[in-house]
1. How much length, in nm to one decimal, is gained on full extension between residue 45 and residue 109, taken as 0.36 nm per residue of separation minus their Cα-Cα distance?
2. What is the order of 60, 21, fewest Cβ neighbours within 10 Å to most?
3. Return the Cα extents of the chain along principal axes one, two and three, sorted largest first, each rounded to a whole Å.
4. Starting from the Cα-Cα distance between residue 82 and residue 123, subtract it from 0.36 nm times their residue separation and give me the gain in nm to one decimal.
5. How much length, in nm to one decimal, is gained on full extension between residue 101 and residue 145, taken as 0.36 nm per residue of separation minus their Cα-Cα distance?
6. Taking the 0 to 90 degree range and rounding to the nearest ten, how far is the long axis of helix 57-78 tilted relative to the main principal axis of the chain, both from C-alpha atoms?
7. By DSSP, what percent of the beta bridges with both residues in the chain are antiparallel, rounded to the nearest 5?
8. Once label points are set 7 Å from the Cα along Cα→Cβ at both residue 10 and residue 189, what is their separation, rounded to one decimal in nm?
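Nothing in this text is a laboratory measurement; each read-out follows from the coordinates by a stated rule. Not measured: the values here are computed from a predicted model. Here the Cβ is made from the backbone with ideal geometry for all residues, glycine too, and neighbour counts use every protein chain on show.
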């Protein structure tokens, strides 16, 4: 059955008043969170392996970038981009079930925004008056390399300090890894206990 726009708005309005998620559909959110957190955790594992094996910078940076893109997707479940009542209610219900608050690293939208709007951010980054050293390719090094006023870094990963530099902005990702692992563990446990939140 296809809903009309009016029917969809009415149902969304009713659901937002009830926490955004019907109990019988909680399992769908649990599955979606398991998938997002699982893909991020898997990419972080491949990142660790690539670093340990001394793989090329392109591989190391790509696995970190992939992991963080999945983290951005995970973040949207708990802190949606749209300010609509249904999405806000769903996010609040999920944050409560997973024990997350606004102090969570997932709540910080700075990395999420640069990943999601990378094309636009690249346009703006390249508008700057730049002179000095340019690093257009992927770099694996200390994040402090980004502090050089004459250096312009496109993408850098600091495996030791767990920092991802994208378009000259530093983004620590160690705390995100911890939250991803916690969300994945909780989602799996919820799934095993009948597919219910809490």
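1. This chain segment gains 20.7 nm when fully extended.
2. Result, fewest neighbours first: 21, 60.
3. Principal axes ranked by extent give 57, 37, 32 Å for the Cα atoms.
4. Gain on stretching residue 82 to residue 123: 12.4 nm.
5. Fully extending the segment from residue 101 to residue 145 adds 12.6 nm.
6. In the chain, helix 57-78 runs at an angle near 30 degrees to the longest axis.
7. 55
8. It works out to 4.1 nm between the two label points.
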